[in-house]
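Let me begin by presenting the structure, written as structure tokens, before commenting on it.
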Amino acid sequence: MSSSPKYYDAAIIGAGAAGLMCAIEAAKRGKRVVVLEHADAPAEKIRISGGGRCNFTHLRAHSHNYLSQNPRFCISALKRYTPRDFVSLVERHKIPYHQKTEGQLFCDESAMDIIDMLLNELRDNGGELWLQTPVTAITKNDAGFEITTPSETVRAHKIVIATGGLSIPKLGSPFAYETAKQFGHVITPMRAGLVPLTLHPDKIQALDMAGVSMQARVKVGKTKFEDGFLFTHRGLSGPAILQISNYWQMGQTLEVDLRPDMDLMEWFRAKRKTRQSLHTALFEILPRRLAEKIMAAQGLSPETVETKIADMSDVKIKGILSHIQPWSLIPDGTEGYRTAEVTLGGIDTKDISSQTFESQLCAGLYFIGEALDVTGWLGGYNFQWAWSSGWAAGQAI
Ligand code: FDA
């Protein structure tokens with residue numbers, strides 16, 4: 001236990017993507033900074049991201065790829081520190097990367113490359129990182145902030161809260177929201193985002209499709225995404241479902257088009273001119289298991305019924321189509337923070353500067369990254385928000 005508190009220009013709480021970027025930028029400007037991290041290792045969410053390869057940015061990140069009560073809040077930071085800026089940093093460190101789906105950049109080898117890059121930048125610019133240092137209290141006085149940890153008291157002129165959101169209970173943290181409330185900030189309603197959707201157990205049992213995947217277009221209201229789609233033991237997942245989960249609210253109908261590339265009514269009409277049976281035709285356009293389920297739901301079995309499409313009524317065809325294009329269903333819920341990638345909602349941005357990320361209620365206090373009410377789509381947008389908001393605060397502290 002040291003007797004006299006250590007003094008810093010700025011203390012950054014949380015060694016995740018946003019906190020490390022902020023500390024690096026402030027350290028580059030000659031500020032004396034310390035990053036306080038309660039875990040044994042920094043940036044655990046970077047380590048597990050993108051299947052271990054970290055989808056570190058999206059080349060076309062734009063404000064319309066983010067959800068917030070204040071959709072314009074993210075514009076300034078995203079314009080000042082762009083995906084290209086982060087790519088330049090990655091290239092300076094000679095980290096091999098590739099573009100997976102259009103615009104999404106991943107490490108070729110390991111997400112650890114990104115963590116090592118950030119830690120090297122921090123160290124080379126003179127920033128400090130203290131691991132296993134949970135912050136138990138923050139108080140403000142005329143000189144700045146006093147930060148209590150089990151081992152030391154740290155004094156800092158400015159303090160940046162970069163402790164992220166609630167997703168993945170072992171790694172998530174309510175700290176930013178509690179601190180924001182302590183200083184008078186409002187928290188917008190929060191829920192799990194980029195998360196698989198669940199179906200009622202009876203529906204899962206009836207479907208019995210776990211493991212079947214395909215390309216699909218999913219739609220809630222006017223919002224739609226087309227991407228990979230997967231049936232799971234609990235419900236629905238895959239990139240298309242994770243994307244739409246940011247927009248889906250409890251009780252809403254989800255429309256799933258399992259053949260977004262085809263007009264199936266037209267296709268059925270064309271098939272009527274042939275002698276093809278329904279099951280042979282359906283096997284052409286859907287995974288076999290799914291085609292069989294759809295026929296069974298209509299009281300048709302491939303073993304016993306050689307139904308020719310030519311003999312099918314419009315009503316029967318529409319019955320088949322209602323399971324494919326679109327298939328309308330009401331999910332039961334989401335898998336929650338246990339498997340979510342992000343927290344939707346968070347610290348209301350109305351009392352935060354979009355230029356500096358300083359609180360307008362408490363001078364010297366800053367909030368960055370996922371803790372704010374700014375949530376990106378799947379595809380590298382959330383890390384880009386962490387880099388951009390961290391960079392902007394790093395210029396100001
Ligand atoms: P982040 O959570 O990264 O960092 C917060 C830090 O604060 C952590 O190190 C935490 O331990 C620390 N902390 C918390 N409370 C503290 C306290 N009281 N005292 C001290 N330290 C404390 N995004 C993306 O763009 N591309 C991707 O590929 C993925 N993949 C992905 C996979 C999975 C499984 C998840 C869960 C998430 C993703 N994401 C993602 C989302 C991305 O990980 C997330 O948006 C960013 O990590 C947010 O960065 P922050 O720095 O705001 O928080």
Reachable lysines from Lys224, Cα under 22 Å, same-chain residues fewer than 8 places away excluded? Lys100
Set the bar at 22 Å for Cα to Cα. Now go through Lys271/Lys316; Lys219/Lys316; Lys6/Lys350 and name every pair that lies beyond it. Lys219/Lys316; Lys6/Lys350
Given only helices, namely DSSP H runs of n ≥ 4 each adding -39500 (n - 2.57), what is the per-residue ellipticity at 222 nm of the chain, to the nearest 500 deg cm²/dmol? -8500 deg cm²/dmol
For segment 205-332, what is the largest minus smallest coordinate of the Cα atoms on each principal axis, given in angstrom and ordered from greatest to least? 44, 28, 22
So for segment 188-235, what are the equivalent ellipsoid semi-axes in whole Å, largest first, each being the square root of 5 times an eigenvalue of the Cα gyration tensor? 21, 16, 10
Just the ratio, please: alpha-carbon radius of gyration of the chain over 2.2 N^0.38 Å, N its number of residues. 1.17
Let me make sure I get this right: for segment 137-265, a, b and c are the square roots of the gyration tensor eigenvalues over alpha carbons, sorted descending. Under 1.5 in a/c it's rounded, otherwise prolate if a/b > b/c, else oblate. Which is it? prolate
Apportionment of accessible area to carbon and sulfur, segment 1-55, percent (1.4 Å): 47 percent
Quick check: the distance between the Cα centres of segment 190-244 and segment 88-105, to the nearest angstrom? 29 Å
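Hey, can you find the accessible area per residue of the chain for me, probe 1.4 Å, expressed in square angstrom?
Here the per-residue accessible area is 44 Å².
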Under a cut-off of 20 Å between alpha-carbon atoms, report the aspartates and glutamates in cross-link reach of Lys318, not counting same-chain residues fewer than 8 places apart. Glu255, Asp257, Asp261, Asp263, Glu266, Glu284, Glu292, Glu306
Taking all protein chains in place and a 1.4 Å probe, what share, in percent, of the accessible surface of segment 175-322 do carbon and sulfur account for? 51 percent
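The values are calculated or read from the model by the stated rules, or taken from the named source; none is laboratory data. Source: prediction; values computed, not measured. Surface accessibility is based on the protein's heavy atoms, side chains included, excluding ligands, DNA and RNA. Shrake-Rupley method; radii C 1.70, N 1.55, O 1.52, S 1.80 Å.
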